[in-house]
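No lab work stands behind these numbers, since they all come straight from the coordinates. In this text the structure is predicted, and so the values were computed from the model without any measurement. For neighbour counting, all protein chains shown are included, and Cβ atoms are generated from backbone atoms with ideal geometry for every residue, glycine included.
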């Protein structure tokens, strides 16, 4: 378990489009929301095809 997983976070959100983001996705706690932009295999929980889709998600979260 990582230190991040031991903290009392209400919400953890991570998104990325690069192979370097995979290290982060791999250490996030199971309840974290992680999104990979692009359709390559990923350790992220969710995939979106285009950056515009991620922007829509972020805009919805702000409502």
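For 63, 6, what's the fewest-to-most ordering of other Cβ within 10 Å of each Cβ?
Result, fewest neighbours first: 63, 6.
Please give the calculated 222 nm ellipticity per residue for the chain, where each DSSP H segment of at least 4 residues contributes -39500 (n - 2.57) and the sum is spread over every residue; nearest 500 deg cm²/dmol?
-9000 deg cm²/dmol
Measure off 7 Å from each Cα along the Cα-to-Cβ vector at residue 20 and residue 49, then give the distance between these two points in nanometres to one decimal.
2.8 nm
Averaging sequence separations of C-alpha pairs under 8 Å and six or more residues apart, then dividing by the length of the chain, give the relative contact order as a whole percent.
Relative contact order of the chain: 25 percent.
For the range 11-61, just the Cα set please: Rg and Dmax, both in angstrom.
When restricted to Cα atoms, the range 11-61 yields Rg and Dmax of 10.2, 27 Å.
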